[in-house]
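Here's the structure, in structure tokens; my notes come after.
The values are calculated or read from the model by the stated rules, or taken from the named source; none is laboratory data. What you are looking at is a predicted structure, and each value in this text was computed from that prediction instead of being measured. Don't worry about glycine lacking a Cβ; one is built from the backbone with ideal geometry, like all the others, and counts go over all protein chains shown. Side chains included, ligands, DNA and RNA excluded: accessible areas come from the protein's heavy atoms. Shrake-Rupley method; radii C 1.70, N 1.55, O 1.52, S 1.80 Å.
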Amino acid sequence: MKLLVTGGAGYVGSVCAARLVESGHEVVVLDDLSTGHADAVPDGVRLIAENIDDVIGSVLAEGFDGVLHFAAKSLVGESQQDPAKYWQGNVVTSLRLLDAMREHGTPRLVFSSTAATYGEPDQVPIVETAPTRPTNTYGATKLAIDHAITGYATSHGLAAVSLRYFNVAGAYGRFGERHATETHLIPIVLQVASGKREKVAIYGDDYPTEDGTGVRDYIHVVDLADAHLKALAHATGGEHRIYNLGIGVGFSVRQVIDACREVTGHPIPAEVSPRRSGDPAVLVASAERARTELGWKAERVDLTGIVRDAWEFTQARSRQEV
Ligand SMILES: NC(=O)c1ccc[n+]([C@@H]2O[C@H](COP(=O)([O-])OP(=O)(O)OC[C@H]3O[C@@H](n4cnc5c(N)ncnc54)[C@H](O)[C@@H]3O)[C@@H](O)[C@H]2O)c1
Ligand SMILES: O=c1ccn([C@@H]2O[C@H](COP(=O)(O)OP(=O)(O)O[C@H]3O[C@H](CO)[C@H](O)[C@H](O)[C@H]3O)[C@@H](O)[C@H]2O)c(=O)[nH]1
């Protein structure tokens, strides 16, 4: 298929673009490089370094079989301080994309949704039928986009799949996580191991969890990429399907830090700090629907393996920066 990958110079988008190319698809990346990097685009892939808002109509006029829409603003804290940036940059931009797809007859969409659409869950593991009550603007904008997609599927025949990622981690060779503003736990802990930070803050140790720290479901970015391939294959005209993607097992902040100590051999000083506002105690996915309907299951479920891939990527980047 000829596919447009928005946000393909970012973390998840670059890994997915690489896997799509390896699977024989023709890929074009549209990314304004606001949080991405031109050198993260896989070799041989055309990069259109523009904002979706400015060029989406003319790009889709070329003719595509589908769009994988990763481009977004995705910093939870920033979304609370500057909601307009998120309603504009996520919702308005995605509506422009949907309209352009309709106008040019682009038949398929795979959208990067998030566990943040659920907010604080009543029950874990979280199933797709759980209530959606986002606790921050980032999650609210992603949920709004999911609702819009449902409308375009029902009324205009779009074949759409929303993938609700839990905590994405790991790397794929030279493709990995390198955000200028890093808020995610594993890259932050690995920055301590590589000497870029002195210590890691543990945001709260008084949660109702086994060791008191927050529990998350860490999914390897390569497993996530493979789910996108399956989603593309299963997308059906007129339907909007929604799938949670995680491994179905949670790890606490302390367990993650311990895994990073084991992999890096670094003592990684950690200090308990106040809770981060809006952080739920436990977020774990039920990926049962993805298993039964897409035939997808996470394969890389060992936390130290996930951390090791991220660490190899971090070390390779550090060597390049010297
Ligand atoms: N990383 C996670 O743990 C996680 C979890 C759940 C959902 N998600 C979602 O997955 C997607 C990818 O996340 P990521 O961590 O790779 O983020 P990222 O910031 O690394 O990638 C996003 C990319 O989109 C580009 N972009 C943003 N707005 C654009 C626009 N208007 N036009 C063109 N390009 C634009 C950025 O330059 C960047 O390269 C996002 O939609 C995010 O909300 C990520
Ligand atoms: O320096 C840090 C960073 C994080 N944490 C803790 O580590 C866990 C994971 O935090 P991340 O910031 O890595 O990830 P989140 O669970 O906050 O966010 C993830 O899930 C969200 C949905 O809730 C969004 O989808 C978001 O994009 C995605 O990265 C949380 O318990 C957090 O409190 C720390 O203790 N110290």
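Straight distance only, please: which lysines reach the Cα of Lys2 with their own Cα at less than 20 Å, same-chain residues fewer than 8 apart left out? Hits, sequence-local ones excluded: Lys230.
The distance linking segment 284-322 with segment 106-180 is 18 Å (Cα centroid to Cα centroid, whole angstrom). Calculate how steeply helix 253-264 sits against the longest principal axis of the alpha-carbon atoms of the chain, using the helix alpha-carbon long axis, and give the answer as 0 to 90 degrees to the nearest 10. On a 0 to 90 degree scale, this one is about 80. Once you reduce segment 210-273 and segment 1-76 to the center of their Cα atoms, the two points are 23 Å from each other. In the elastic network of the chain, a GNM with C-alpha springs shorter than 10 Å, the most mobile of Gly248, Gly77, Gly265 is Gly265. Summing +1 for each Lys or Arg and -1 for each Asp or Glu among the other residues whose beta-carbon sits under 10 angstrom from that of Tyr11 gives 0. Rounded, prolate or oblate: which fits segment 75-180 when a ≥ b ≥ c are the square roots of the eigenvalues of the alpha-carbon gyration tensor, with rounded for a/c under 1.5 and prolate only if a/b beats b/c? Judged from the Cα gyration tensor, segment 75-180 comes out rounded (a/c under 1.5). Computed on protein heavy atoms with a 1.4 Å probe, the accessible areas place His240, His234 in the order His234, His240, largest first.
Note on the chain: Kirkwood hydrodynamic radius from all Cα pairs is 19.9 Å, rounded to one decimal.
Rounded, prolate or oblate for segment 188-322? Axes are the square roots of the Cα gyration tensor eigenvalues, ordered a ≥ b ≥ c, and the cut-off for rounded is a/c under 1.5. Here segment 188-322 falls in the oblate category. Helix content alone sets the calculated 222 nm mean residue ellipticity of the chain: runs of n ≥ 4 DSSP H residues at -39500 (n - 2.57) each, divided across all residues, give -11000 deg cm²/dmol.
Taking all protein chains together and rolling a 1.4 Å probe, Glu182 ends up with roughly 20 Å² accessible. Straight-line reach from Lys73: taking Cα to Cα under 23 Å and skipping same-chain neighbours fewer than 8 places apart, the lysines in range are Lys85, Lys142. Of Lys142, Lys85, the residue with the largest accessible area leads and the full order is Lys85, Lys142 (1.4 Å probe).
Springs join every pair of Cα atoms under 10 Å in this Gaussian network model of the chain, and among Val91, Val221, Val15 the largest mean-square fluctuation is at Val91. Taking the Cα centre of segment 181-322 as reference, the dipole from Cβ charges on Lys and Arg (+1) and Asp and Glu (-1) amounts to some 280 debye. What's the angle, to the nearest 10 degrees (0 to 90), between helix 221-234's Cα axis and the longest principal axis of the chain? Compared with the principal axis, the helix lies near 20 degrees. Scattering from segment 1-123 was approximated by placing one identical point on each alpha carbon and applying the Debye formula without solvent; log10 I(q)/I(0) at 0.12 1/Å stands at -0.44. The long axis of helix 137-156 is offset from the longest Cα principal axis of the chain by roughly 30 degrees. Remark: accessible surface ordering of Lys199, Lys2 (largest first) is Lys199, Lys2, probe radius 1.4 Å. Surface composition of the chain: carbon plus sulfur atoms contribute 48% of the solvent-accessible area (1.4 Å probe, protein chains only, all chains present).
Over segment 191-310, give the accessible area per residue in Å² for a 1.4 Å probe, as an integer.
Solvent-accessible surface per residue comes out at 44 Å².
Take Thr106: with every protein chain present and a 1.4 Å probe, its accessible area is about 10 Å². Each Lys and Arg Cβ is given +1 and each Asp and Glu Cβ -1; about its Cα centre, the chain then shows a dipole of about 80 debye.
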